[in-house]
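Data block below; observations after.
The values are calculated or read from the model by the stated rules, or taken from the named source; none is laboratory data. Here the structure is a predicted model, which is why all the values come from computation and not from measurement. For neighbour counting, all protein chains shown are included, and Cβ atoms are generated from backbone atoms with ideal geometry for every residue, glycine included. For the accessible areas, the whole protein counts, side chains as well, though only heavy atoms, and no ligand, DNA or RNA atoms are used. Shrake-Rupley method; radii C 1.70, N 1.55, O 1.52, S 1.80 Å.
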Amino acid sequence: MLSVDTCCKTYRVGAFGGGELLAVRDVSFEVAPGEVVALIGESGSGKSTIGKLILRLLRVTRGSIAFDGVDISTLEGRRLKEYYGNVQGVFQDPFSSYNPIFKADRVFTMLRREYFPGLTDSEWHAKLGASLDAVSLNPGDVLHKYPHQLSGGQLQRMLIARALLLDIKLLVADEIISMLDASTRIDVLNLLGDLKSRGLGILFITHDLNLGSYISDRTMILRRGAVVELGSTERVFGNPRHPYTQSLLASVPQLHRRWSEVAPSPAASGGGGDGGPLVMVEKDHYAAAGPATTVGG
Amino acid sequence: MSLHVDGLRVYYRSLRGDVKAVDGATFDIADGEIMGLAGESGCGKSTLGKSLIRMDSRMRYVSGSVELDGRELPVWDDARMNEFRFGHVSIIPQYALSALNPTRRIGSIATDLLKARDVPVDRVLPELVRRLELVGLSEDVLHRFPIELSGGMKQRVVMVLSSLLDPSLLVADEVTSALDVSTQRAVAELLVEFRDRGFVKSMIVITHDLSVLYQIADSILVMYAGKLAEKAPADAVVHASRHPYTQLLISSLPDVGVRYEEQRLSGIPGRPPSLLDPPTGCRFRTRCPFAFDKCAEEPPFEAVGPAHAAACWKTAA
């Protein structure tokens with residue numbers, strides 16, 4: 001469905017844009033319908049940039065992104081609007097995604113004006129009701145309220161409901177639960193799981209390995225703009241081959257294992273292959289070739 | 001007994017009345033103990049930590065007492081607390097990454113701090129350099145501006161500065177939250193090392209992340225809606241918790257290896273009550289699957305086992 005092919009993004013940096021920062025380096029991957037792909041990386045790894053490229057908030061410097069076979073960089077006007085009817089994004093901070101001056105349900109009315117001008121009020125309310133129902137929200141609880149009257153979990157669900165109104169095929173979820181409390185974040189994750197089983201493709205961008213491993217089918221580990229490991233979630237987490245992935249997994253705090261039981265990986269300080277070409281280490285599991293990558297075994 | 005807090009109540013003033021952020025906290029911290037303070041946002045954990053150091057103008061001391069190493073800590077008196085701050089009690093503030101004055105070099109920030117406490121800079125400087133080296137920073141950072149340092153480096157600088165005078169109690173407020181996983185591990189392990197080397201006697205580590213606390217804390221205190229819910233050794237909180245809130249919270253945390261398809265985790269329905277006008281009785285009862293009639297009365301925070309206390313009628317019975 002979505003196919004990203006050797007994508008690069010360069011930012012102009014410095015006082016007069018004289019410097020260049022390569023934020024995304026030759027990233028290629030695909031998202032199929034009903035598949036959750038986790039994009040995991042630390043800050044500055046370029047994970048949000050990839051999300052913005054897919055949402056066409058940024059233009060690729062080199063390479064291409066195609067949705068259902070059409071290169072998205074060529075889309076303009078009506079075609080672009082159609083694209084946004086298929087692909088929507090939800091971002092990290094639910095409180096800054098809303099305008100605090102207006103009621104929170106304005107995100108729905110704005111969408112109605114753009115995409116569903118022909119619907120009657122009753123048709124619209126039925127559609128909105130179904131969409132809110134899909135994210136387990138009670139319309140009476142969230143409609144006609146200001147953002148500050150709602151919890152972060154409710155606001156984030158409303159944004160997902162807004163995306164669902166459009167019958168989207170791909171959701172770019174950029175750290176959507178990082179700001180939520182532990183007791184509510186798992187519900188939003190389970191919601192993504194339900195949507196996935198209905199055929200929605202999800203690009204789940206996160207820095208949290210625990211959350212990524214819970215929800216995703218495939219995992220991509222990103223480092224300094226390049227993919228260092230890619231494969232089915234079970235294989236990447238169960239049998240990490242790249243030293244960087246290994247060091248991340250050694251550092252993630254868990255409830256069934258203490259840090260003292262695992263020695264910090266020698267690669268923790270930045271060793272290991274970086275940005276090399278991906279080589280297949282086993283079925284559906286690729287790692288960047290580098291001097292320290294353990295291939296085989 | 002290093003720290004003894006008894007019945008501490010700290011409210012926030014607001015136009016609509018008092019926000020009861022810390023409503024009766026009683027606990028002890030032993031010498032050399034790292035106590036984790038966990039809870040969701042708005043449960044009063046940061047308020048509790050800050051009130052032991054400095055109450056800001058919106059915070060109002062209501063009642064209770066705090067004793068540190070056998071001396072009463074006048075937490076309600078901003079001026080008298082000056083005698084204790086930095087030397088006896090110290091804090092690594094939340095947003096420590098922005099706690100450093102951007103217009104001053106790290107060295108002059110340190111000098112200002114020491115001068116404010118009438119500590120001769122020359123005497124402490126070698127120790128400062130030694131500790132910076134211990135956390136992996138060279139003496140060179142003293143001549144740098146905060147903007148020249150990365151997030152993890154700034155966090156380490158603030159840690160070293162906060163604990164420079166070997167305080168008896170160090171409050172670390174969300175020190176690992178803004179950091180990447182590998183930096184997070186390094187910083188969290190430094191906290192333990194500071195305790196092991198005796199730079200600080202005991203520590204309160206405040207975070208919303210229970211899995212980080214499980215890694216470094218000796219004991220964990222869980223708060224819910226301004227009240228203490230449970231305090232126990234870290235292993236007991238994670239593997240044998242007695243309070244329903246702690247149990248549900250821990251069962252909602254995914255670990256690497258737990259997959260949506262195989263093991264569906266669930267959250268806690270509902271949301272915490274407003275602290276402006278909190279409900280009577282147990283504050284968790286509206287979300288608690290085990291609630292019964294007695295929960296309309298407030299459960300006492302009392303011992304349910306060795307070094308294990310909880311506030312729940314079900315565990316007391």
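So which residues in the stretch B:268-283 are within 7 Å of chain A (Cβ to nearest Cβ) and modelled with pLDDT under 85?
Residues of the stretch B:268-283 that are within 7 Å of chain A (Cβ to nearest Cβ), as a first pass: B:268, B:271.
The answer is B:Arg271, and nothing else.
For the list (1) within 19 Å of A:Lys81 (Cβ to Cβ); (2) part of a loop (DSSP other than H, G, I, E, B); (3) open to solvent by less than 20 Å² (accessible area, probe 1.4 Å), I need the number of the one condition that A:Leu119 fails.
(3)
Which residue out of B:Thr315, B:Thr246, B:Thr286 is in contact (Cβ under 8 Å) with a residue 24 or more places away in the chain, closer than 20 Å to A:Thr184 by Cβ and more than 9 Å from chain A (Cβ to nearest Cβ)?
Values: B:Thr315 fails: closer than 20 Å to A:Thr184 by Cβ; B:Thr286 fails: in contact (Cβ under 8 Å) with a residue 24 or more places away in the chain.
It is B:Thr246.
State whether one or more residues within the stretch B:34-52 are more than 25 Å from B:Asp235 (Cα to Cα), buried (at least 18 other Cβ atoms within 10 Å of the Cβ), at pLDDT 90 or above and among the basic types (Lys, Arg).
Within the stretch B:34-52, one or more residues are more than 25 Å from B:Asp235 (Cα to Cα), buried (at least 18 other Cβ atoms within 10 Å of the Cβ), at pLDDT 90 or above and among the basic types (Lys, Arg).
Could you check the stretch B:54-84 and list, in sequence order, the residues that are touching a strand residue (DSSP E or B) at 6+ places or on another chain (Cβ under 9 Å), among the small types (Gly, Ala, Ser) and more than 19 Å from B:Asp28 (Cβ to Cβ)?
Across the stretch B:54-84, the qualifying residue is only B:Ser57.
Can you pull out every residue in the stretch A:179-219 that is open to solvent by less than 30 Å² (accessible area, probe 1.4 Å) and part of a loop (DSSP other than H, G, I, E, B)? Steps first, answer last, please.
Going through the stretch A:179-219, the residues open to solvent by less than 30 Å² (accessible area, probe 1.4 Å) turn out to be A:180, A:182-183, A:186, A:188-193, A:195-196, A:200-206, A:209-216, A:219.
Answer for the stretch A:179-219, where residues must be open to solvent by less than 30 Å² (accessible area, probe 1.4 Å) and part of a loop (DSSP other than H, G, I, E, B): A:Leu180, A:Leu200, A:Ser216.
For the stretch B:175-184, does any single residue satisfy the condition of being out of contact with any strand residue (DSSP E or B) (no Cβ under 9 Å at 6 or more places or on another chain) and either aromatic (Phe, Trp, Tyr) or at pLDDT 90 or above (or both)?
There is no residue in the stretch B:175-184 that is out of contact with any strand residue (DSSP E or B) (no Cβ under 9 Å at 6 or more places or on another chain) and either aromatic (Phe, Trp, Tyr) or at pLDDT 90 or above (or both).
Given the options B:Ile250, B:Ile268, name the one that is in a loop (DSSP other than H, G, I, E, B) and open to solvent by less than 30 Å² (accessible area, probe 1.4 Å). Walk me through how you get there before you give the answer.
Values: B:Ile250 fails: in a loop (DSSP other than H, G, I, E, B).
The match here is B:Ile268.
Are there any helices (runs of 4 or more DSSP H) wholly within the stretch A:1-104 with 3 or more residues that are away from chain B (no Cβ under 14 Å) and modelled with pLDDT of 90 or more, and if so which?
Numbers: elements: A:47-54, A:77-86, A:94-97.
Counting at least 3 such residues, we get A:47-54, A:77-86.
Considering each of A:Arg241, A:Arg235 in turn, give the residue that is more than 12 Å from chain B (Cβ to nearest Cβ) and in a helix (DSSP H, G or I).
Values: A:Arg241 fails: in a helix (DSSP H, G or I).
The conditions single out A:Arg235.
Here is a check on your reading of the model: is B:Met159 modelled with pLDDT of 90 or more, hydrophobic (A, V, I, L, M, F, W, C) and under 25 Å from A:Pro253 (Cα atoms)?
Working: modelled with pLDDT of 90 or more: yes; hydrophobic (A, V, I, L, M, F, W, C): yes; under 25 Å from A:Pro253 (Cα atoms): yes.
Yes.
What number goes with the only condition from (1) touching an Asp or Glu at 6+ places or on another chain (Cβ under 7 Å); (2) open to solvent by 20 Å² or more (accessible area, probe 1.4 Å) that B:Gln263 does not pass?
Evaluating B:Gln263 over (1) touching an Asp or Glu at 6+ places or on another chain (Cβ under 7 Å); (2) open to solvent by 20 Å² or more (accessible area, probe 1.4 Å) leaves (1) as the failure.
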